[in-house]
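The values are calculated or read from the model by the stated rules, or taken from the named source; none is laboratory data. Quick caveat, the model's predicted, so the values are computed rather than measured. No Cβ is skipped: glycine too gets one built from the backbone with ideal geometry, and neighbour counts run over all protein chains shown. Areas reflect the complete protein model, heavy atoms only, side chains present, ligands, DNA and RNA absent. Shrake-Rupley method; radii C 1.70, N 1.55, O 1.52, S 1.80 Å.
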Amino acid sequence: MMVRRLLFLVIALCGFTFSAMAQITNVRGQLVDAENGEPLIGASVKVKGTTKGTVTDFDGNFALKANKGATLILNYLGYIEQTKNVTRVGSQNFGKIKMESDAVGLNEVTVLASVVTDRKTPVSVATVSEAAIDFKLGTQEYPEILKTTPSVYTSKEGGGYGDATVYVRGFDSNNVGVLINGIPVNDMESGKVYWSNWAGLSDVTRTMQVQRGLGASKLGLSSVGGTINVLLKGAESKKGGSIRYNVGPDGYQKELLSVSTGMMDNGWSVTMLGGHTMSDGYALGTNFDAWSYFMNVTKVVNASHMFSFMITGAPQWHNQRGNKHTIQWYRDNKDGIRASSDYGIRNGEMYGGGYGYNEYNKPQAQLNHYWTIDDSSELTTSLYASVGSGSGRRIDGEQDNLLSVNYKTGLDEEGCLRTPNGLLDFDAAAQVNKDNLSQGAQVIIGDAVNNHVWYGLLSNYSKTINQYKFTAGIDARYYVGDHYQEISDLLGADYYTEDIDKTRPADTYLKEGDKYSYHNKGRSAYTGVFGQAEYAADKLTGFVSAAVARKAYQREEYFKVTTGGPEESSWEGFYPWNVKAGASYKLNENNTIYANGGYVKRAPFFSDVFLNYTNEINNDVKYEKIITFEVGYKFNSRQFDATISAYRTEWNDRALRKSFGQTTANLSGVDELHQGIEVTAEYRPMRKLTFNGMLSVGDWTYSDNFHATTYDDNQNIIDSFTAYTKDVHVGNSAQLTASLSGSYEILPKLRVSCDYVYYANNYSDFDPSYLTDEATATDSWELPEAGLFDLGFSYRFKIAGLDASLNGHLNNVFDTEYISKATDGATHSSSDALVYYGFGRQWSTGLKIKF
């Protein structure tokens with residue numbers, strides 16, 4: 001009897017097992033973007049109610065086993081979640097599954113912004129997702145998210161909020177085109193990008209893409225080193241929102257709230273976001289208070305027409321370090337590498353000195369119209385405007401030395417007043433003024449004001465014919481910048497006098513709020529057209545593009561005049577143009593080769609057209625000429641991807657503007673050669689583990705000597721000379737960089753990461769006044785190499801049924817002491833180089849809840 005029962009149990013168990021096995025299905029499919037058909041790499045595919053799952057490979061494909069009746073959950077950040085039911089036994093192929101973006105109009109903005117697909121476009125590109133920014137940024141400055149990108153070097157400079165800089169292939173922001181939602185934001189006078197004006201971007205960025213080299217942007221940009229494309233969050237397709245709170249060292253706090261109506265039945269969608277960040281700052285005297293806001297209102301009229309209005313801004317004020325110092329100065333200072341010479345106490349509050357305080361607000365608004373004309377053609381048009389206002393602090397007067405540091409030595413000017421604690425003594429300076437009331441202010445606090453208005457129109461038409469895509473458009477911009485200095489604090493005096501403004505008597509008593517030192521306006525008008533032809537087949541892709549424009553400048557002088565009133569220069573026009581082309585060829589399923597090149601004839605910047613900060617035209621000003629070429633190879637497989645590229649950029653007749661404390665140098669006739677090799681790789685040994693690596697080796701030097709003219713901060717000429725810079729290395733950016741990163745999901749929904757970044761061949765920025773003797777001119781001092789470790793984690797969980805995530809960051813884990821930026825000294829050595837140190841160990845943690 002017992003044997004019979006056991007035999008029955010064995011047979012039943014076997015039957016159940018065979019029955020279960022018979023229900024198992026081999027499921028496969030491919031996830032693609034619904035708009036452009038591009039595969040979604042790394043998307044999550046999970047079996048609901050189980051721990052089973054996988055991620056899509058490089059071609060968007062997935063394969064797993066599931067029981068009949070199971071439900072698959074398909075998820076990819078930035079796309080609407082989908083579910084698929086397993087209805088067959090044995091095998092089931094879902095084919096191409098089109099994933100819809102969770103942002104309305106994202107594809108249209110992507111086209112306008114010239115965002116490209118790494119797999120198809122023959123340029124070197126790196127893309128940073130919203131998830132990566134959330135996961136990696138922490139309390140770092142916005143550009144620092146790019147520090148593991150080849151040939152990209154970021155620095156916090158003096159450590160002030162928003163003062164970070166980014167260099168691409170050795171080129172600074174003047175020569176790297178920056179687009180926000182397709183709109184160029186490089187200053188129309190100088191080409192610079194001031195990241196403090198855009199410090200709130202980390203809160204509203206959906207995608208950030210760096211195209212190194214000439215890139216694929218169709219506009220006539222300053223893209224010598226590369227192009228940074230920032231796509232902001234659009235109107236969300238789903239109703240909801242999120243709150244976030246982050247904390248860090250030195251009193252760092254950040255609060256963020258976002259809400260969205262989702263796409264409503266009437267075709268309207270509204271998304272709003274607001275944030276606030278404050279901290280005492282890592283370096284002493286660098287406290288800040290910053291806000292950010294964003295709103296997108298979208299109306300889908302019908303299947304052919306959609307309108308979208310967006311406005312974003314980041315008003316802020318921050319104290320900052322304006323002066324570098326020698327290594328020995330930091331060693332002797334009780335506060336070490338966090339020390340600052342540029343602040344004191346005024347009326348009981350921390351008060352930045354000259355170049356020690358900045359405030360600015362630069363909201364930007366744009367109205368976009370997306371018109372799908374038919375299945376093969378579309379027209380995207382954007383009207384935009386930006387109004388900027390703000391200033392930086394200055395110290396002026398006959399005795400400005402009382403509150404000043406010598407920019408060439410990093411030491412206090414003779415007679416500089418300090419408290420017993422080593423802070424700038426504004427009260428003592430005010431007493432000097434009070435002791436000389438009859439002579440007027442001997443030292444004052446001023447604001448260097450830079451206000452501007454900027455309007456533009458960008459329209460892009462595209463037509464697809466079989467494997468060809470043709471694009472053409474117009475790019476029109478108009479800019480007016482108002483520049484002057486304004487007295488903000490007489491420091492106890494009754495008035496201040498000077499004789500620079502020729503429209504008023506020399507002995508005019510100037511009060512707080514009066515303009516002094518200089519006052520001028522700069523106008524810039526740009527009108528350009530562009531066109532591009534693209535070809536995309538299974539194996540061969542390519543593009544040819546060209547842009548031509550008229551760029552004109554006018555200057556209006558208010559102080560240095562002879563007619564008793566404002567004097568306007570004539571409009572000076574230039575006709576810049578560029579042409580570029582590239583192609584990639586897919587040798588087989590895994591191997592692709594590509595090449596691109598181009599020629600740019602660039603108009604000079606505003607300051608090079610007008611001599612010595614006057615309306616006098618520089619008749620010898622030249623167009624800048626850039627020739628660049630790049631070749632590369634890509635390998636892609638299910639588990640491993642790699643890219644290697646080599647580039648060469650020749651830049652002739654460059655005009656260069658350099659600032660050294662209170663002095664500015666205008667350099668003309670500069671020739672440079674930038675060349676190098678870049679390698680990137682990604683290895684995915686298993687679904688939960690990913691490794692990334694990068695190596696870039698550059699050789700960036702000045703090819704010849706050039707002429708230099710230096711000015712003080714009141715725009716007066718100091719000197720004019722020849723600088724012997726041939727074979728001097730380009731400074732401010734590490735020419736050898738490498739990184740290794742790992743990311744691992746150690747527990748369900750708990751992911752940890754580790755990043756190591758290495759910098760070497762980093763040269764100090766040359767000071768042309770130390771290169772006036774050909775016999776003694778030599779290369780700039782080379783900074784010591786540095787290697788930094790970062791750690792991070794992210795944990796996703798539920799709070800009261802709501803999705804939540806907790807993240808943490810530890811940057812510079814081993815508290816490595818390293819120099820991030822330097823200006824060369826007279827001996828071209830570490831003894832007199834002026835430096836900024838990078839930040840020591842920093843931590844942050846944050847909680848985000850979605851509703």
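When the stretch 284-293 is filtered for residues that are in contact with a Lys or Arg (Cβ under 8 Å, 6 or more places away or on another chain) and open to solvent by 10 Å² or more (accessible area, probe 1.4 Å), only LEU284 remains.
Can you tell me which residue is surrounded by the most Cβ atoms within 10 Å (Cβ to Cβ) among those in the stretch 258-278 that are over 23 Å from the mean Cα position of the chain (by Cα) and part of a strand (DSSP E or B)? Looking at residues that are over 23 Å from the mean Cα position of the chain (by Cα) and part of a strand (DSSP E or B), I get SER269.
Among the candidates ALA595, ALA583, the residue that is closer than 30 Å to THR690 by Cα and open to solvent by less than 40 Å² (accessible area, probe 1.4 Å) is uniquely ALA595. Of the listed requirements (1) within 27 Å of VAL152 (Cβ to Cβ); (2) at pLDDT below 90, HIS707 misses just one: (1).
Within the set PHE814, PHE839, PHE766, PHE789, the sole residue that is crowded, with 18+ Cβ neighbours inside 10 Å and without any contact (Cβ under 8 Å) to a residue 60 or more places away in the chain turns out to be PHE766. Here the condition is being open to solvent by less than 30 Å² (accessible area, probe 1.4 Å) and free of Cβ contacts under 8 Å to residues at least 24 places away in the same chain; of GLY344, GLY353, GLY281, GLY336, it holds for GLY336 alone.
Report, by residue number, each residue of the stretch 833-849 that is among the polar types (S, T, N, Q) and out of contact with any Gly (no Cβ under 6 Å at 6 or more places or on another chain). If you could, list the steps in order and put the result at the bottom.
Pass one, the stretch 833-849, residues among the polar types (S, T, N, Q): 842, 844-845.
Across the stretch 833-849, the qualifying residue is only GLN842.
For beta carbons closer than 9 Å, sequence separation of 6+ or different chains, a first residue in the stretch 304-328 that is farther than 30 Å from GLY352 by Cα and in contact (Cβ under 8 Å) with a residue 60 or more places away in the chain and a second that is of a type in the set (Asp, Glu) and crowded, with 21+ Cβ neighbours inside 10 Å, the qualifying pairs are MET306/GLU108; SER308/GLU108.
From TYR526, TYR496, TYR479, TYR558, grab the single residue that is closer than 20 Å to ASP400 by Cβ and buried (at least 19 other Cβ atoms within 10 Å of the Cβ).
TYR496
Scanning the stretch 306-323 for residues that are touching a strand residue (DSSP E or B) at 6+ places or on another chain (Cβ under 6 Å), buried (at least 23 other Cβ atoms within 10 Å of the Cβ) and of a type outside the set (S, T, N, Q) yields a count of 3.
Show the residue pairs that are 6+ apart or on different chains and have beta-carbon atoms under 9 Å apart, the first residue being within the stretch 583-605 and within 20 Å of ALA646 (Cα to Cα), the second being acidic (Asp, Glu). As it stands, the answer is LYS586/ASP538; TYR594/GLU630; ALA595/GLU630; ASN596/GLU630; GLY597/GLU630; VAL600/GLU624, since those pairs meet every condition given.
Tell me, which residue of the stretch 387-412 that is without any contact (Cβ under 8 Å) to a residue 60 or more places away in the chain and either over 24 Å from ASN197 (Cβ atoms) or among the hydroxyl-bearing types (Ser, Thr, Tyr) (or both) is most open to solvent (accessible area, probe 1.4 Å)?
First pass over the stretch 387-412, keeping only residues without any contact (Cβ under 8 Å) to a residue 60 or more places away in the chain: 392, 395, 398-403.
Pick out the ones that are also either over 24 Å from ASN197 (Cβ atoms) or among the hydroxyl-bearing types (Ser, Thr, Tyr) (or both) and you get 398-403.
Values: GLU398: 159, GLN399: 58, ASP400: 57, ASN401: 44, LEU402: 13, LEU403: 6 Å².
By that ranking, first place goes to GLU398.
Residue under question is VAL111, and the condition is that it be farther than 30 Å from MET264 by Cβ and modelled with pLDDT under 90; does it hold? Taking the combined requirement at face value, the residue does not satisfy it.
Conditions (1) of a type in the set (Phe, Trp, Tyr); (2) open to solvent by less than 20 Å² (accessible area, probe 1.4 Å); (3) under 24 Å from the mean Cα position of the chain (by Cα); (4) at pLDDT 95 or above, marked per residue:
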{"site": "VAL621", "(1), (2), (3), (4)": "no, no, no, no"}
{"site": "ALA642", "(1), (2), (3), (4)": "no, no, no, yes"}
{"site": "ASN652", "(1), (2), (3), (4)": "no, no, no, no"}
{"site": "ARG657", "(1), (2), (3), (4)": "no, no, yes, no"}
{"site": "THR663", "(1), (2), (3), (4)": "no, yes, no, no"}
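Where residues in the stretch 54-87 are farther than 20 Å from TYR683 by Cβ and at pLDDT below 80, which of them is most open to solvent (accessible area, probe 1.4 Å)? Out of the qualifying residues, it is LEU77.
Across the stretch 689-703, the number of residues qualifying as in a loop (DSSP other than H, G, I, E, B) and open to solvent by 70 Å² or more (accessible area, probe 1.4 Å) comes to 0. Criterion applied to SER545, SER570 was being at negative phi and open to solvent by less than 40 Å² (accessible area, probe 1.4 Å), and the one residue passing it is SER545.
Looking at the stretch 763-784, is at least one residue under 22 Å from LEU667 (Cα atoms) and in a strand (DSSP E or B)? Can you show your working first?
We begin by selecting, within the stretch 763-784, every residue under 22 Å from LEU667 (Cα atoms); these are 763-781.
Within this subset, residues satisfying the condition of being in a strand (DSSP E or B) are 763, 765.
So far as the stretch 763-784 goes, yes, one or more of its residues are under 22 Å from LEU667 (Cα atoms) and in a strand (DSSP E or B).
The set of residues from the stretch 293-303 being within 20 Å of TYR384 (Cα to Cα) and without any contact (Cβ under 8 Å) to a residue 60 or more places away in the chain comprises MET295, LYS299.
Given the criteria within 13 Å of LEU491 (Cα to Cα), exposed (fewer than 15 other Cβ atoms within 10 Å of the Cβ) and polar (S, T, N, Q), does GLN442 qualify?
On the way: within 13 Å of LEU491 (Cα to Cα): yes; exposed (fewer than 15 other Cβ atoms within 10 Å of the Cβ): no; polar (S, T, N, Q): yes.
No, not satisfied.
Across the stretch 732-753, the number of residues qualifying as in contact with a Leu (Cβ under 8 Å, 6 or more places away or on another chain) and either more than 21 Å from SER820 (Cβ to Cβ) or open to solvent by 60 Å² or more (accessible area, probe 1.4 Å) (or both) comes to 6.
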